[in-house]
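Below is one structure, written out as structure tokens, with a few remarks after it.
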Amino acid sequence: MIYDALQDPSKLTRASRVSNEIRDAIIDGKMRPGAKVNLDQLREEYGVSLSPMREAISRLVADRLVEFEDKKGFRIVPLGMANLLEVTRLRADLEALALKHSIAIGTLDWESRIPAAIHHMNNSKGSKSTDAHALFHASLIRGCAMPMLRDLCAVFGNLHKRYANILSYDGAGRDMAGEHAAIADAALARDAELGPTLLARHIERTGNDLGTLFEKHAKDFL
């Protein structure tokens, strides 16, 4: 689950569980961009009544993964270059802001989680590496003491990850471990200028790579 790396699954309601499972399916690309959402079909698939299913889909609308069109109903948000550019810009700006506040007020507990997240990320493989990467980003901004800002960062992180999954982006040609280490070192050094700058640059570079891939495969999503 990459929508909120710090979430406790044991505390989820039925609507939350269904929303998270559908969110994963959309982010993983299992539900095609632009496809119509059939509530009755999903209700049967996930074994819930219509009420929690509607609540689950409403949450995904708020997360910009599902959209509603008058007279047409719900559909999975399509991919697009303008959307990718906006997602990249907002994610970079918001995470950089959250990291800046974390550096200013983060506790020793916040500091201790960053090296642990780096270690976990560097020793994870396959789908677990995706979750570990999300945990690293969540750990960087955990100390900002702004729940709404953290929630927004999670939203745009998920939107970015959807492009990466669908476009099969793996960061080839980049020293990801080096980029992450530099961001972590700056954060732990309490450098409120360098840390956010490196984090924003890291996200922007990913956005540029995704844009290049999308241009090559845009016809597949029309």
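When you look at ARG150, is it within 14 Å of the chain's Cα centre (by Cα) and open to solvent by 70 Å² or more (accessible area, probe 1.4 Å), yes or no?
Judged against the criteria, ARG150 is a match.
From ILE114, ILE76, grab the single residue that is at pLDDT 95 or above, more than 18 Å from LEU167 (Cβ to Cβ) and not aromatic (Phe, Trp, Tyr). So that I can check it myself, show each step before the final result.
Numbers: ILE76 fails: more than 18 Å from LEU167 (Cβ to Cβ).
Answer to the check: ILE114.
If I go through the range 168-222 residue by residue, how many of them are surrounded by fewer than 16 Cβ atoms within 10 Å (Cβ to Cβ), farther than 30 Å from ILE105 by Cβ and hydrophobic (A, V, I, L, M, F, W, C)?
4
I'm trying to understand the selection: among the residues of the range 60-110, which are in contact with a strand residue (DSSP E or B) (Cβ under 7 Å, 6 or more places away or on another chain) and part of a helix (DSSP H, G or I)?
Listed by number, the residues that qualify are LEU60, VAL61.
Examine the range 136-143 for a residue that is closer than 20 Å to ARG64 by Cα, under 16 Å from the mean Cα position of the chain (by Cα) and of a type in the set (A, V, I, L, M), and state whether such a residue exists.
Yes, there is a match, as at least one residue in the range 136-143 is closer than 20 Å to ARG64 by Cα, under 16 Å from the mean Cα position of the chain (by Cα) and of a type in the set (A, V, I, L, M).
Which of the following residues is buried (at least 16 other Cβ atoms within 10 Å of the Cβ) and of a type in the set (Asp, Glu): GLU95, GLU86, GLU69? Spell out the reasoning first.
Numbers: GLU86 fails: buried (at least 16 other Cβ atoms within 10 Å of the Cβ); GLU69 fails: buried (at least 16 other Cβ atoms within 10 Å of the Cβ).
On inspection, the qualifying residue turns out to be GLU95.
Between residues in the range 16-44 that are under 18 Å from PRO78 (Cα atoms) and residues that are basic (Lys, Arg), which pairs lie under 6 Å by C-beta distance while being six or more apart or on different chains?
Partner pairs satisfying both residue conditions: ILE27/LYS161; ILE27/ARG162; LYS36/ARG75; VAL37/ARG75.
Step by step: first the residues of the range 75-105, then only those that are touching an Asp or Glu at 6+ places or on another chain (Cβ under 7 Å) and free of Cβ contacts under 8 Å to residues at least 60 places away in the same chain, then the one that is farthest from LEU149 (Cα to Cα). Which residue is that?
ARG75
Just checking, how many residues over the range 98-125 are open to solvent by 80 Å² or more (accessible area, probe 1.4 Å) and farther than 15 Å from LEU188 by Cβ?
Qualifying residue count for the region: 4.
For residues that are farther than 18 Å from LEU85 by Cα and either among the β-branched types (Val, Ile, Thr) or assigned to a helix (DSSP H, G or I) (or both), tally how many sit in the range 144-154.
6
Kindly indicate whether any position in the range 137-152 is out of contact with any Phe, Trp or Tyr (no Cβ under 7 Å at 6 or more places or on another chain), closer than 22 Å to ILE76 by Cβ and at pLDDT 95 or above. Walk me through how you get there before you give the answer.
Step one: list which residues in the range 137-152 are out of contact with any Phe, Trp or Tyr (no Cβ under 7 Å at 6 or more places or on another chain), which gives 137-141, 144-152.
Filter once more, keeping what is closer than 22 Å to ILE76 by Cβ: 151-152.
If we keep only those that are at pLDDT 95 or above too, we end up with 151-152.
Looking through the range 137-152, at least one residue is out of contact with any Phe, Trp or Tyr (no Cβ under 7 Å at 6 or more places or on another chain), closer than 22 Å to ILE76 by Cβ and at pLDDT 95 or above.
Output the residue which, of all residues in the range 155-193 that are part of a helix (DSSP H, G or I) and acidic (Asp, Glu), is nearest to VAL77 (Cα to Cα).
Going residue by residue through the range 155-193, those that are part of a helix (DSSP H, G or I) are 155-166, 176-188.
Those left that are additionally acidic (Asp, Glu): 179, 185.
Values: GLU179: 31, ASP185: 37 Å.
My answer is GLU179.
One residue is enough: does the range 126-143 have a residue meeting the conditions farther than 18 Å from ASP28 by Cα, touching a residue at least 60 places away in the same chain (Cβ under 8 Å), part of a helix (DSSP H, G or I) and open to solvent by 70 Å² or more (accessible area, probe 1.4 Å)?
Within the range 126-143 (the criterion being farther than 18 Å from ASP28 by Cα, touching a residue at least 60 places away in the same chain (Cβ under 8 Å), part of a helix (DSSP H, G or I) and open to solvent by 70 Å² or more (accessible area, probe 1.4 Å)), the answer is yes, since at least one residue qualifies.
The values are calculated or read from the model by the stated rules, or taken from the named source; none is laboratory data. Since we're looking at a predicted model, the values are computed, not measured. Methodologically, a virtual Cβ is constructed for each residue, glycine included, from the backbone with ideal geometry; neighbour enumeration extends over all protein chains shown. Note: accessible area is taken over every heavy atom of the protein model, side chains too, but ligands, DNA and RNA are not part of it. Shrake-Rupley method; radii C 1.70, N 1.55, O 1.52, S 1.80 Å.
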